[in-house]
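Here, each number is a calculation from the coordinates, and none is a lab measurement. Bear in mind the structure is a predicted one, so any value in this text is a computation, not a measurement. Cβ: placed from backbone, ideal geometry, glycine included. Neighbour counts: every protein chain shown.
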Amino acid sequence: MDTISALGLILLIAMVLVGGQQGFQAFLSLLFNFGALFFAVVLIAFHFPPLVVTLITGVIVLALTVFLGGKDNASTQIAFFASAAVLLILVLVIVPIEHWAVVPGFGPEDSDDLEQMSLVLGINFLEVAMATAILSTLGAIAEAAMAISAGLAEILDQHPKITLSRLRGAGLKVGTQIIGTTFNTLFFGFFGGFLALFIWFAGVHYSLGQIINDKIFVAELLMVLFSMVGVILTIPLTTWLMTMQEAKKRKMNN
Amino acid sequence: MKTKRLRWPGWLTVLIIAVGGLIVLGVAHDDGLYKNPIMKITAVKTISSDKLTDQYQNADRAVTQQLTGVITNGQYRGKRVSVTNTYNVSQANSQQYRRSQRVFLTVHSTNHKFVATISDLKRDTSMAMTVWLVLSLLVGLMQFGGLMAFTSVLANGALFWVAVRWNAHTQGALVLTIFGGLAILFTAMTLSIVIGLNKQMLMTFLTTVVGTALAVLIAVVVFQLTNRKGVYFESMQYVTQLPLPLFLAEAMLGSLGAVMDEATDIIASLMALKEERPDISAHQIFRSGREIGGEIMGPLVNVLFFIFVADTLPMAILFLKNANSWGYTFNMTMSLGVIQSLISGIGIVLTVPIACWITSSLMGGLPRWIQFRR
């Protein structure tokens with residue numbers, strides 16, 4: 001058996017032992033997400049427009065992650081709509097900033113990997129960079145939206161008569177609680193993924209000026225920042241949708 | 001957080017955002033701080049545009065542009081310069097330049113004629129501006145809590161850089177020791193900021209360290225047992241030292257944040273539960289812990305999966321366009337990211353029972369028979 005299958009099998013068993021049915025769903029969502037991502041790569045390589053492919057993949061991935069991960073229906077739906085809305089707003093943030101920073105493709109640090117490769121590609125790699133940035137935020141958006149909608153659903157469950165403005169305040173409070181640890185997840189996730197690059201910088205004695213203008217470093221840091229923007233935006237949006245839904249429900253009951 | 005009871009004045013938010021804005025403005029005009037000459041592009045002219053094809057029937061265009069501009073810093077300040085730049089329209093490893101961009105120049109000869117080429121684009125302003133956007137959103141929406149989150153990331157970044165420098169100093173011989181120690185330090189520092197110095201912090205700390213260590217340990221064992229079949233370290237990017245320990249250090253750091261996040265959540269909920277019902281049994285602690293953990297572990301694994309694997313997109317497209325098979329492309333570009341996600345995933349899942357076990361043994365969930373006698 002090769003290493004990937006062995007690790008995958010261990011993960012599957014652990015997930016099912018710990019989470020039962022839900023654990024199995026979590027594993028499925030990981031598997032489907034991989035499928036969606038790989039499919040997106042293939043479509044872009046077949047010259048489908050990267051941004052369109054990314055948007056469609058993004059919505060599918062958010063749906064898979066939220067609906068396979070969530071439990072209670074009403075709050076799960078809110079989480080999906082909120083995360084999809086954040087995805088759209090993020091695209092409007094990411095496209096102009098990536099256009100400004102211009103971090104497409106590969107940097108001088110990649111030249112070893114590019115040897116013997118044809119770089120006649122005919123695909124706009126600036127758009128590929130935007131697609132990469134958008135896709136890398138998806139998990140974080142979905143997680144934040146689920147955490148906040150679940151937190152608010154719990155509050156509504158325990159205090160069904162809570163006023164709408166207090167519910168709004170509670171959403172912000174839940175958000176403030178999760179933001180610190182979520183930022184940590186993002187920080188370590190990204191920097192763990194690019195440890196080798198930083199070691200390279202230190203080993204080759206890049207100056208601070210070189211680092212903060214380096215294509216790969218800026219591309220990477222922008223991805224962390226976009227994910228952070230996504231998580232922050234998720235907090236008020238999810239809270240707002242949740243309050244809207246509650247207001248509608250109360251009106252109907254009266 | 002105790003300080004939260006202090007009222008956060010509205011003008012402080014405005015002040016932080018305004019000062020941040022001024023810093024971004026400063027970065028936009030910091031050319032004087034750089035040693036390399038910087039040119040502000042004032043005019044762009046396309047000289048030639050040729051069709052390119054390769055042996056895989058890919059088509060692209062090579063464009064040569066003449067860029068005219070003024071040097072804005074150093075000894076050549078004020079000098080008008082003209083340079084040429086050739087790029088492929090796909091811009092995979094070359095770049096198109098536009099008017100009013102600032103670029104770094106490499107000067108080749110200065111005796112008779114000034115000859116220069118562009119080395120790179122000046123990107124610090126766009127980066128500073130995005131950092132400012134994040135800070136403004138944080139402080140605007142969450143005031144003190146937002147500022148703390150931002151500060152904690154900055155502190156972690158500084159610590160991280162110190163460790164990277166130290167690792168370079170030792171030629172990478174101690175990579176696992178250094179980053180393992182760093183992980184413990186990170187965890188202690190972050191948790192004492194987020195939770196404070198108390199028993200809950202200690203339990204979360206222990207859970208995080210054990211969970212992350214266990215994931216790395218399992219990875220090592222699986223690597224051994226499977227002979228690292230299908231692990232292509234030669235495809236690892238930017239490697240300047242022994243790949244296996246470096247990869248393990250990456251996997252460890254990568255999962256640390258998520259494991260910490262999860263441990264914080266589960267233990268906080270279990271503590272609240274214990275406070276509400278002091279006579280709760282160890283068995284019930286396990287059951288509630290599994291319920292809470294089971295809900296958050298799936299989304300967390302996905303967070304890391306997208307971070308690790310989305311990064312590989314450009315390289316994967318390059319491989320596919322070079323007529324490589326899907327399987328080979330996956331092995332050479334995405335597989336290490338997937339392996340890293342799987343290792344982190346195992347850590348995240350195992351953290352659930354570890355958190356329950358540590359909580360029930362340190363908080364003293366009552367064994368069933370005592371509860372029964374009551």
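Kindly state which strands (runs of 3 or more DSSP E) lie completely within segment B:49-115 and contain at least 3 residues that are under 12 Å from A:Leu119 (Cα atoms).
B:59-71
Any chance you could count how many residues in segment B:66-93 are buried (at least 18 other Cβ atoms within 10 Å of the Cβ), within 14 Å of chain A (Cβ to nearest Cβ) and of a type in the set (Gly, Ala, Ser)?
Looking only at that region, the number is 2.
Among the residues of segment A:207-232, how many are within 19 Å of B:Leu154 (Cβ to Cβ) and more than 7 Å from chain B (Cβ to nearest Cβ)?
Total satisfying the criteria: 9.
Just one of the numbered conditions (1) touching an Asp or Glu at 6+ places or on another chain (Cβ under 6 Å); (2) part of a helix (DSSP H, G or I); (3) of a type in the set (Gly, Ala, Ser) is not true of B:Gly230; which one?
Only one criterion in (1) touching an Asp or Glu at 6+ places or on another chain (Cβ under 6 Å); (2) part of a helix (DSSP H, G or I); (3) of a type in the set (Gly, Ala, Ser) is unmet by B:Gly230, namely (2).
Is there any pair with a first residue in segment B:151-172 that is facing chain A (nearest Cβ under 8 Å) and touching a residue at least 40 places away in the same chain (Cβ under 8 Å) and a second that is surrounded by fewer than 14 Cβ atoms within 10 Å (Cβ to Cβ) and hydroxyl-bearing (Ser, Thr, Tyr) whose Cβ atoms are under 9 Å apart and which are 6 or more apart or on different chains, and what are they?
none
B:Leu225: without any contact (Cβ under 8 Å) to a residue 60 or more places away in the chain and either of a type outside the set (Val, Ile, Thr) or within 11 Å of B:Ile348 (Cα to Cα) (or both), yes or no?
Against the criterion (without any contact (Cβ under 8 Å) to a residue 60 or more places away in the chain and either of a type outside the set (Val, Ile, Thr) or within 11 Å of B:Ile348 (Cα to Cα) (or both)), B:Leu225 qualifies.
Considering only segment B:127-150, I want to know if a residue exists there that is out of contact with any helix residue (DSSP H, G or I) (no Cβ under 7 Å at 6 or more places or on another chain), within 9 Å of another protein chain (Cβ to nearest Cβ) and over 17 Å from B:Val194 (Cα atoms).
no
Only one of these conditions is not met by A:Gly35: (1) surrounded by fewer than 16 Cβ atoms within 10 Å (Cβ to Cβ); (2) farther than 20 Å from B:Ser335 by Cα; (3) more than 10 Å from every other protein chain (Cβ to nearest Cβ); (4) of a type outside the set (Ser, Thr, Tyr). Which number is it?
Tallying (1) surrounded by fewer than 16 Cβ atoms within 10 Å (Cβ to Cβ); (2) farther than 20 Å from B:Ser335 by Cα; (3) more than 10 Å from every other protein chain (Cβ to nearest Cβ); (4) of a type outside the set (Ser, Thr, Tyr), A:Gly35 fails exactly one: (2).
Give segment B:168-186 a look and list any residue that's touching a Leu at 6+ places or on another chain (Cβ under 7 Å) and not hydrophobic (A, V, I, L, M, F, W, C), or say none.
Passing the criteria: only B:Gly172.
Would you pick out the residues in segment B:173-184 that are surrounded by 14 or more Cβ atoms within 10 Å (Cβ to Cβ) and either at the interface with chain A (Cβ under 9 Å from one of its Cβ atoms) or part of a helix (DSSP H, G or I) (or both)?
Once the filter is applied, which keeps residues that are surrounded by 14 or more Cβ atoms within 10 Å (Cβ to Cβ) and either at the interface with chain A (Cβ under 9 Å from one of its Cβ atoms) or part of a helix (DSSP H, G or I) (or both), segment B:173-184 yields B:Val175, B:Leu176, B:Ile178, B:Phe179, B:Gly180, B:Leu182, B:Ala183, B:Ile184.
So if I check each of A:Glu143, A:Glu115, which one is among the acidic types (Asp, Glu), at the interface with chain B (Cβ under 8 Å from one of its Cβ atoms) and either crowded, with 24+ Cβ neighbours inside 10 Å or without any contact (Cβ under 8 Å) to a residue 40 or more places away in the chain (or both)?
Values: A:Glu115 fails: at the interface with chain B (Cβ under 8 Å from one of its Cβ atoms).
Exactly one of A:Glu143, A:Glu115 is among the acidic types (Asp, Glu), at the interface with chain B (Cβ under 8 Å from one of its Cβ atoms) and either crowded, with 24+ Cβ neighbours inside 10 Å or without any contact (Cβ under 8 Å) to a residue 40 or more places away in the chain (or both), namely A:Glu143.
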